[in-house]
Each structure stands twice: as structure tokens, then as C-alpha cells.
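A quick write-up on the structure given underneath.
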Amino acid sequence: MTHHQLCIQRCFDLANLAAGKVTPNPRVGAVITYKKKIIGEGFHQYPGGPHAEINAINSLKNKDVLSKCSIYISLEPCNNFGKTPPCVDSILKYKIPKVFISTIDTNPSTMGKSIEKLKAAGVAVEVNILKNKGRKITQGFFSSIEKNRPYIILKFAQSANKKIGVANKQIWISNPLTKRLTHKWRSEVNAIIVGSNTLKIDNPQLNNRLYYGKSPVKLLLKRDGQIPQHTAALKTAGKTIVISELNAAKVNYPNTSQWFLPFDNTLLNSILQNLKKEGLNSLLVEGGVTLLNSFIQQNLWDEARIFTSTKVINQPKSLAAPILDGKLITTHQIGDNNLSLIENPNK
Ligand SMILES: NC(=O)c1ccc[n+]([C@@H]2O[C@H](COP(=O)([O-])OP(=O)(O)OC[C@H]3O[C@@H](n4cnc5c(N)ncnc54)[C@H](OP(=O)(O)O)[C@@H]3O)[C@@H](O)[C@H]2O)c1
């Protein structure tokens, strides 16, 4: 890696400290260097709080040195007055002469405007350093802006003979390590959804118990709104949203709300629009097979994370795992499970 790439990589590491915590804002990290050494750094820590560049600047006691420094940022600095003033103006105020950016901000209020403003003021600007990685880190924010929907991750475990489970019976396919990894993923997304049969059969808690960080908002698909009291997801911390048909029974549990939506082929898009309205930019689809297949059939997915176990399921009423037409990005062996990361090339 070059020096610039290393500094941008540090910005990514900082940005990732806010995974799942800053929505609807992007996670962003920034570092300040003097004579090729990092002397200050920061990241955007909570929605409405100071942006990464400002936290990096404020990490320096002596701001006079900034006029001889470089700033590295994982995303183009903002150009608009939101809850905080434009970061680009702070860079100009402190006369930072060199700015290195991973990726431009495709939010129309910024979209290259900050870069132009910096250049017009005589600042040296370099963009697109580790750009693909920079876009990946900011994927929920970009998806919301560019596709008008959250970033969608499908996740499931399948047996060696490609079965996802057995109707009416819970079967464990994953292992303790993959379970922990799944909890890490839960900490990184804003929302998680399961279908009504999974809710009944597996009764999942849907929270993050095995990793640092937050739990996602839990979406429970239940056409008739009849959510039994013993439903585990109702008892775990965080907000639960029951999604049911227009004339369904009203749910009355603490910390639980309800979306009444038509249960037809518009359902998934309506759910995605509601998530966007709530500022929830990423969604983890945790099954079962009917729900996963409906996302696949409507081409509403960005990536899939599939665990394949060495176990074989030969029981009656076993359920075939979803079949995905995607691009295999990478595989990892995790105990007796193989993890395949697949991207949707037609998203
Ligand atoms: N291996 C894994 O990773 C994994 C993960 C989760 C679950 N599972 C297993 O999968 C099995 C459950 O899968 P499943 O396919 O039977 O059920 P499911 O996908 O959990 O739920 C299906 C039900 O959800 C509703 N639904 C789902 N998608 C919908 C859509 N697009 N529009 C409207 N309604 C929709 C429908 O309920 P209504 O008919 O009530 O409207 C449908 O019958 C269980 O055996 C479970 O253990 C395995």
C-alpha cells in the first residue's frame, strides 16, 4: 500500500467504529498528517454530532499546524448546512493545503461541489483513493441516495445438500463461530427481517448478543398481526416493528409498532420505502426461504452471505435453499461452515 492508501485505510477503520450507529448519515473517518505522520484523527460518532473532519481537527491542540498538514477523509466533505455547518468551510478556515478523499459524496447537495470549492481556493485535492472500498463502507448511505432503498443483505445457512431447514422444525446448520459473525453483521445493519414461519418455528431473538455494538430494528412479517406473547423478539432490547395486512389485528406490546401494508407484490417495496422514511439504510434478510426467495425474485438484493455446512439434511419436508444468480466475491472457511460472499451483478 502507498502512504496515501494507508492513511485512507485508517479512515475506513475509524469509520467502521460507527458501524450501525450513525444512520441515516454515512459512517466517515478522517486523519490529519504532518510530515507523513498521523497527528490527529476522528470519526462521525452519532447522528447530528460533529462530522469526522471536525473531530479530527478538534483532536489537535495546536491548530496552527493545520496550514502545513494533509487531511485524509473516507468521503468527500459535506457542502451543506445540516445539523452542523459545512465541513468544507472548516478545511478552508484552517487553511489545510492538501486533501485526500476516497470517494465523492453522491448526495446532490454535495456531489463534487466541495471538491470544486477546495480546488477553487487553491487546495490540492486527490480523489478516488481505494474508491471501491470507500463506497463499500458507505454502502447504506449510497444505496439510499442512488437506489432510493436500503442496502439489502440476504443471509442464510444451508446444508451440504443445499437444504435451509425442515418445515415445522428448527434445525441448527451454523456453528458457534458463524453465529457470532452473524451477530457482528446484526450490529452493522439498521434493520433485520424474518418471515412468519421462521418467527413461529425458530422464534429468533433477532438482536446482537454476541458482538459489540447495537442491535438492529427487528421487522416481523405477520399478515394477521397475531404475534404471540412468547415471541422472543418482543423481549429483546430495541425497537420491533410488526408488518401486517391493512385490516390485521392491532399489536399492543411495549417498544413495538406496526406497519399496515397491502400483502401483494408491492409489499417488499413498501417495506423498503418505510425503512427509508425512518432513515434506516441497511437491511439484513434472515429468512426463511419464502421471504428470501421473494427478495431474489424481485431482484431486491445487493449481496448474499451464505454459510454451507458439511451436515446433510435428509429429513422429510426439508426445504430447498434459495438459488442465487450472483457473482462470487470470496469464500472463507469458518469451522465446519464455508462462507460464500456473493454480489448481485444486476442490482
Ligand atoms: N438456514 C437458515 O439460514 C434459515 C433461516 C431462517 C429460517 N430457516 C428455516 O426456514 C423455514 C421457514 O421458511 P418458510 O419459507 O417456511 O417461511 P418464512 O419465509 O419464514 O415465512 C413465510 C411466510 O411469510 C410471509 N411472507 C414471506 N414473504 C412474503 C412476501 N413477499 N409477501 C407476503 N408474505 C410473505 C407469508 O406468510 P403468510 O402466509 O402468513 O402471509 C409466508 O407464508 C423454517 O424451517 C426455518 O427454520 C432457515
Whole-Hz couplings from phi, Karplus 6.51/-1.76/1.60, listed for the range 261-278; x for Gly and Pro: 9, x, 8, 10, 6, 8, 4, 4, 5, 5, 4, 5, 5, 4, 4, 4, 4, 7
Through the Karplus equation 6.51 cos²θ - 1.76 cosθ + 1.60, θ set to phi - 60°, convert the phi angles of the range 10-19 into ³J(HN,Hα) values in whole Hz; use x for Gly and Pro. 4, 4, 4, 4, 5, 4, 5, 5, 9, 3
With a cut-off of at most 10 other beta carbons within 10 Å, and DSSP calling the residue loop, which trypsin sites (Lys or Arg not before Pro) in the range 275-324 qualify? Please list them. LYS317
Please give every one of the aspartates and glutamates within straight-line cross-link reach of LYS63, meaning a C-alpha to C-alpha distance under 19 Å, and leave out same-chain neighbours fewer than 8 residues apart. GLU41, GLU53, ASP89
Report the percentage of all Cα-Cα pairs in the range 147-343 whose separation exceeds 20 Å, rounded to a whole percent. 55 percent
Spin-label point model (7 Å from Cα, Cβ direction): what's the ILE39 to SER59 distance in nm? 1.4 nm
Log10 I(q)/I(0) at q = 0.27, 0.29, 0.30 Å⁻¹ for the range 274-331, from Debye over equal alpha-carbon scatterers, is -1.31, -1.37, -1.38
Return P(r) of the chain (all Cα-Cα pairs; 20 Å bins starting at 0; whole %; ordered from short to long distances). 29, 51, 20, 1
3J(HN,Hα) from dihedral phi, the range 26-33, Karplus parametrisation 6.51/-1.76/1.60, rounded to Hz, x for glycine, proline: x, 7, 9, x, 9, 10, 10, 10
To the nearest 0.05, how large is the calculated FRET efficiency for ASP13 and GLN226 if R₀ is 51 Å and r is the Cβ-Cβ distance? 0.65
Under 5 Å between amide H atoms, partner at least 5 residues away or on a different chain: which partners does ILE171 have, H built in plane at 1.01 Å? VAL166
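Would you mind checking the pairs LYS162/LYS222; LYS113/LYS133; LYS113/LYS214 and listing those with alpha carbons more than 29 angstrom apart?
Details: LYS162/LYS222 27 Å; LYS113/LYS133 22 Å; LYS113/LYS214 34 Å.
Table pairs above 29 Å Cα-Cα are LYS113/LYS214.
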Which far-off residues, 5 or more places away or on another chain, put their amide H under 5 Å from the one on GLY112, with H placed in the peptide plane? ASP105
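In Å, what Kirkwood hydrodynamic radius results for the range 3-143 from the alpha-carbon pair distances? Before the final figure, lay out each step's value.
Details: mean 1/r = 0.0694 Å⁻¹.
So the Kirkwood estimate lands at 14.4 Å.
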Modelled label reach - ASP89, point 7 Å along Cα→Cβ, the range 29-66 residues with backbone N closer than 15 Å: 51, 54
Using a 1.4 Å probe on the protein heavy atoms, what percent of the accessible area of the range 147-343 belongs to carbon and sulfur? 51 percent
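Chymotrypsin sites (Phe, Trp or Tyr not before Pro), restricted to the range 135-176: which are DSSP loop and have at most 15 other Cβ atoms within 10 Å? Mind showing how you got there, number by number?
Values: sites: PHE141, PHE142, TYR151, PHE156, TRP172; in loops: TRP172.
Qualifying residues, ordered by number: TRP172.
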Any chance you could check the Cα centroid distance between the range 228-266 and the range 169-219 for me, in angstrom? 17 Å
In whole angstrom, how far apart do the alpha carbon centroids of the range 87-156 and the range 1-66 sit? 13 Å
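The values are calculated or read from the model by the stated rules, or taken from the named source; none is laboratory data. What you are looking at is a predicted structure, and each value in this text was computed from that prediction instead of being measured. A quick note on method: Cβ atoms are made from the backbone with ideal geometry, for glycine too, and the neighbour counts reach across all protein chains shown. The area values use the complete protein model at the heavy-atom level, side chains included, leaving out ligands, DNA and RNA. Shrake-Rupley method; radii C 1.70, N 1.55, O 1.52, S 1.80 Å.
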